[in-house]
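Input: a single structure, listed below in structure tokens.
The values are calculated or read from the model by the stated rules, or taken from the named source; none is laboratory data. None of the values given here were measured: they were computed from a predicted structure. When we count neighbours, we look across all protein chains shown, and the Cβ atoms used for this are built from the backbone with ideal geometry, even at glycine. Please note that ligands, DNA and RNA were not included when accessible areas were found on the heavy atoms of the full protein model with its side chains. Shrake-Rupley method; radii C 1.70, N 1.55, O 1.52, S 1.80 Å.
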Amino acid sequence: MQDHAGREPEANGYSVSDERSTEMVANEEKQHQTAHQTAEESPNTSSSSNSSVDDEQKSEATQPSIWRRIYDTIFWTPPNLRWNPDKPPTFSMGLNILFGFAGAFTVANLYYNHPILNILADEFGVPYEKVSQIPTLAQAGYAAGLLFLCPLGDMLERRPFVLSLVFFTATMSIGMATTSSISVFSAIQFITGVSTVTPQLMLPLVGDLAPPKRRAAAMSIVVSGLMLGILIARLLSGIMTQFVSWRYVYWLSVALQYIIFVGLWFFMPDYPATNKAGMAYPKILWSILVMLTKHPVLVQACLISFFTAATFTNFWTVLTFLLADEPYNYDPVTIGLFALVGIGSMLLGPFYARLVIDRFVPWFSVILGLFYCLVGISIGTYTGTFTVAGPIIQAFINDFGMQTSQIANRSAIFAVEPTGRNRVNTAFMVATFGGQLVGTSAGAHLYAKGGWIASGSYSMGSIGMALLFTFARGPWEDGWYGWHGGWAIKKKSRESADGKNDEQKSDLRRLDSNERTKGAVDVEKAEPHHDQHEHHHATDDQEAVNETDAEKALEMRAAQDGDAAPDLSKKTDEITPVPPQDTQA
């Protein structure tokens with residue numbers, strides 16, 4: 001029942017409305033507690049989420065870029081090839097041959113186009129004048145690489161530098177095998193010409209690693225590879241294009257370069273830079289000119305190589321004209337096979353270097369090489385118009401003489417700047433390259449005017465100029481000209497590359513079994529004590545080191561005489577001994 005006010009009757013002293021009010025209050029309290037717990041938990045949750053975001057940001061910040069990961073993957077050095085100053089890697093014959101193989105099929109990139117220029121003109125639909133720019137661009141790129149990249153070999157570590165160039169050149173060469181544009185082909189040919197300087201980085205490295213008494217033989221293997229690459233490129237390109245598309249020539253080039261990259265990755269040890277303190281790049285380039293004012297033997301070698309190299313390109317440029325005309329009328333394949341004659345002389349070079357060049361002073365080997373050139377050119381020039389035997393004899397003897405004279409000159413010039421051999425080689429190769437350009441231009445012009453005999457006579461005159469500069473300085477002359485010291489041809493020291501003085505052992509190579517470091521003590525002969533530590537003269541306090549050695553000598557003498565040790569306390573207070581520093585640090 002309801003009362004008159006419409007309220008429900010009470011039960012047990014409480015009304016129904018009071019019970020409902022109590023339930024509502026309880027629900028509100030539960031909601032309030034739940035909200036309070038959520039508010040307490042939310043700071044922890046937000047801080048946890050913030051920390052995870054920070055960790056992600058940090059990991060992204062510390063994660064190397066994609067290019068860095070590619071670099072680290074490609075140029076990672078296997079543990080057995082990493083540099084150990086206490087045990088430098090052995091420069092083996094296998095590594096020497098690998099360097100020669102790499103030199104051959106990297107420099108070949110410059111010469112694949114020579115026999116197929118007419119085919120490239122038809123393929124790209126351009127006149128001969130347009131396609132003839134390709135060899136010029138390749139040579140121009142190579143000259144730029146010689147001048148601007150090779151000096152970096154004295155600043156950078158050789159392994160990553162060489163691998164970078166080989167990998168880059170191989171990858172860029174894919175464009176030449178696939179493009180249908182003459183402009184793109186020409187641009188890539190120039191770029192690959194710049195990076196095709198691997199042999200000119202390996203030659204100074206061989207000079208660092210090989211013992212001085214065997215330096216000529218070691219370098220001759222790389223030089224032979226370099227010369228073989230020039231001849232093989234022309235031979236392969238001409239023969240392959242006769243039977244398949246010219247594009248297969250460049251696909252072969254890509255494959256060979258990647259093979260070289262893999263071979264160097266697995267077998268080329270890691271070598272430190274020769275200039276540990278580092279040099280500014282402009283100063284590196286300027287120092288090349290400074291070297292030419294300091295070292296007469298370097299200027300002499302550059303002049304000899306300039307005139308000798310001119311005979312090489314002169315001969316191989318006009319030989320095609322001679323053999324294609326009367327009385328021979330040879331086809332392109334037969335003309336290309338003449339390269340095999342030059343290959344024979346290149347293979348003989350390393351044996352000759354070991355037996356002759358390493359035994360005598362470089363000056364004498366240069367004279368012999370120029371004499372060989374003179375004989376070969378005279379036979380080929382004045383008999384080549386009526387018998388093919390003349391050009392064959394010239395191809396063999398002239399190439400052999402030029403190669404041996406270049407190896408001997410390198411043996412001499414690499415002794416003048418032990419830590420700057422890449423810059424020395426740059427000066428030498430720029431002169432050589434200049435001679436090749438002059439020989440090509442002059443030879444073609446003279447052949448057009450006076451035929452085979454006219455171009456050959458120019459080569460005779462070039463050898464005559466090379467001989468003149470050779471005789472201007474005797475084998476023992478230290479000045480710019482003269483014959484001071486006599487004319488003996490035997491080396492005064494078999495442990496020296498130039499035959500004059502023993503060179504300081506390079507930190508990059510091991511000692512031979514019969515070789516000793518400078519200052520080594522011979523106990524049986526009771527030679528005086530010398531400090532056997534190698535000092536870095538740019539950082540060592542040499543006076544303090546010498547006085548420290550004097551203190552050691554006084555102590556040893558006092559101990560031998562049985563006297564009391566001298567009081568050195570005063571001396572010690574005045575001078576603090578400087579311990580020898582590790583040159584590899």
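Going by average Cβ density within 10 Å per residue, which order do the peptides 369-376, 422-429 take, highest to lowest?
Ranking the peptides 369-376, 422-429 by packing returns 422-429, 369-376.
Given a 1.4 Å probe, how much area per residue of the stretch 89-278 is accessible, in Å²?
With the other protein chains kept in place, the stretch 89-278 gives 33 Å² per residue.
Report the convex hull volume per residue for the stretch 129-174, counting only C-alpha atoms, in Å³.
63
For Trp251 and Leu340 in one chain, what is 0.36 nm times their gap in residues minus the Cα-Cα distance, to one decimal in nm?
Roughly 29.8 nm would be gained on extension.
Heavy atoms only, probe 1.4 Å: what % of the accessible area of the stretch 202-330 goes to carbon and sulfur, would you let me know?
72
Under the rule of at least 5 residues apart or a separate chain, name every residue whose amide H is placed under 5 Å from the amide H of Arg473.
Gly482
Which pairs, out of Lys213/Lys294; Lys87/Lys490; Lys130/Lys449, put more than 30 Å between their alpha-carbon atoms?
Lys87/Lys490
Calculate, in nm to one decimal, what Ile70 and Glu326 gain on full extension: separation in residues at 0.36 nm each, minus their alpha carbon distance.
86.4 nm
Work out how far the C-alpha atoms of the stretch 207-279 reach from end to end along every principal axis, then list the three figures in whole Å, largest first.
Taking max minus min along each principal axis of the Cα atoms, the stretch 207-279 gives 52, 26, 25 Å.
Per q in 0.16 1/Å, what log10 I(q)/I(0) does a Debye calculation on the alpha-carbon atoms of the stretch 177-306 return?
-1.16
Spin-label point model (7 Å from Cα, Cβ direction): what's the Ala472 to Arg214 distance in nm?
3.6
Percent of accessible area on the stretch 81-143 owned by carbon and sulfur, 1.4 Å probe?
Carbon plus sulfur share of accessible area: 58 percent.
Could you work out how much longer the chain between Trp483 and Ala389 gets when fully extended? Use 0.36 nm per residue separation minus the Cα distance between them, nm to one decimal.
29.9 nm
With every atom except the alpha carbons ignored, what do you get for Rg and Dmax of the stretch 294-346, in angstroms?
Values for the stretch 294-346 (Cα only, Rg and Dmax): 16.0, 52 Å.
How do 142-148, 175-181, 125-131 rank on mean C-beta neighbours within 10 Å, highest first?
So the order, starting with the most tightly packed, is 142-148, 175-181, 125-131.
What trypsin sites (Lys or Arg not before Pro) in the stretch 256-319 are in a loop by DSSP, with at most 16 other Cβ atoms within 10 Å of the Cβ?
Answer in residue order: Lys276.
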